[in-house]
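The values are calculated or read from the model by the stated rules, or taken from the named source; none is laboratory data. All of these numbers come straight from a predicted model, not from anything done at the bench. Methodologically, a virtual Cβ is constructed for each residue, glycine included, from the backbone with ideal geometry; neighbour enumeration extends over all protein chains shown. For the accessible areas, the whole protein counts, side chains as well, though only heavy atoms, and no ligand, DNA or RNA atoms are used. Shrake-Rupley method; radii C 1.70, N 1.55, O 1.52, S 1.80 Å.
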Amino acid sequence: QATEYALRALDCLPEDSLTMRSLATTMASTGLVSSGDLDRAVNTLKKAAAMGYKARNTHATMIALCDAAQLQIAQARLHPAAQTCKDAFHYAEEHIHHTSRQVLLSGYASTIYSTILYQWNDLDQALYHAERGIELSEQWQVALVVCHGYVALTRVNRARGDYVRALAAIQSAEHFLAENHISELPCLDQLIAEKNRLALLMGDRPAVYRYIQECQLAPGSDITTANHTGCLTLARTMLACRHHDDALALLTDCASFAVRQGRIFNLIEARILQALTHQSKGADSRALVMLEEALELAYPEQLIRVFLDEGEAMSCLLYKAAAHSLYPDYTGRLLALFPAGGKPARYESDDSVYIEPLSDRELEVLCLIAEGRSNSEAADQLVVSLNTVKKHATNIFNKLGVTSRTQAVARARSLGILPGNGSGHST
């Protein structure tokens, strides 16, 4: 509907109303994005930027350029995206030269450029632009850009193995959002994804469980632009916990969505995770088929971190790819960049942390069990039948992988579902 209104506005606006036509053209691009026509969307945004530039409207120009760069990254067209960011930097410098004033959204271009440099493994420059983007954006309280900046900062520190600083970046983002009463942003899914990835790396099982518990996604759910990153994050968590079939089902949906929407970067991520899942199952031939497609898609822009971030499991798979002469120069370059031992991220665990989330009612029953209530007492308090409570208790035991009430409480506490034992009771 917003796209329709934008097109109507363009029909009504005079040709010389450049600022309004620029903003309407930017809005019209959202329909092209929704339909998966990212090439036309990028071209439309470039036209919007040109109109904004001609009107000397910094906001309209920077929004259009930065949105275009984001879409180019989604297409895995990093070199064109980098050039778009440089166009934004050039425009910002030109504006400063003429007005001696900083451009409001120049921090946005910096955080996007950081993402590009990160994928090329230029961590020093990626860090510089992430910090620069945060600094500029916090001055203007631009929440979307601040969040993007902290996501970029988290990635760089995670890649360096500095999980303390990575976690601190996430906490800074959460503090900023809470302080400004912001609960919804397009980039929040990326922040949550980074937080969950850190939890996996640091072995924080309660945090991983909380993510799964709060996640509303499951195999068979409709994949959308809004939840696609969350679906990939959930699939990665399932892989970490060896829930191979669930992971593959979800990744199949993610890959299909990425193809339909022209989001090649997301398709590369999905194929990589599919490859790692098949490898974890012992199906190396299938894993190599998936990896070959990922390499084919990533090769033109020489993506690096999307492979390196998967750690030892990916290193092992790339050695197999090299043995089969799959993109030998590219795989050789990637393997040379892995740290000794392939340290970042071993997505395997002997003690699985993936547990099917408990329903709200099951959580209520679990809390009453933890309080020592009998099934009959729980039924009375919840105003349900005894059979209903017994059914909930059975579901709880199955999901937690236990056979008794005592085991259920202990397991739930170890996973952070229930608080640990207190030292006493309040009066």
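The table that follows gives values for the structure above.
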| read-out | value |
| --- | --- |
| Packing rank of 326-337, 130-141, 43-54, 59-70, where each peptide gets the mean count of other beta carbons within 10 Å, highest leading | 59-70, 43-54, 130-141, 326-337 |
| Residue-averaged 222 nm ellipticity for the chain, from DSSP H runs of 4+ at -39500 (n - 2.57), nearest 500 | -23500 deg cm²/dmol |
| Cα extents of the stretch 1-151 along the three principal axes, largest first (Å) | 47, 37, 24 |
| Spatially proximal lysines relative to Lys46 (Cα-Cα < 29 Å; intrachain offsets below 8 disregarded) | Lys54, Lys86 |
| Solvent-accessible area per residue for the chain (1.4 angstrom probe, square angstrom) | 47 Å² |
| Cα gyration tensor category, rounded, prolate or oblate, for the chain with a/c compared to 1.5 | prolate |
| Net charge of neighbours whose Cβ lies under 12 Å from the Cβ of Tyr327, counting Lys and Arg as +1 and Asp and Glu as -1 | -3 |
| Net charge of neighbours whose Cβ lies under 14 Å from the Cβ of Ser374, counting Lys and Arg as +1 and Asp and Glu as -1 | 0 |
| Hits among lysines - C-alpha to C-alpha of Lys391 under 29 Å, sequence gap 8 or more where chains match | Lys399 |
| Rounded to 10°, Cα long-axis angle of helix 228-240 versus longest principal axis of the chain | 40 degrees |
| Whole-Hz couplings from phi, Karplus 6.51/-1.76/1.60, listed for the stretch 296-312; x for Gly and Pro | 4, 6, 7, 4, x, 9, 6, 5, 10, 5, 4, 8, 4, 5, 8, x, 4 |
| Convex hull per residue volume in Å³, alpha carbons only, for the stretch 1-46 | 57 Å³ |
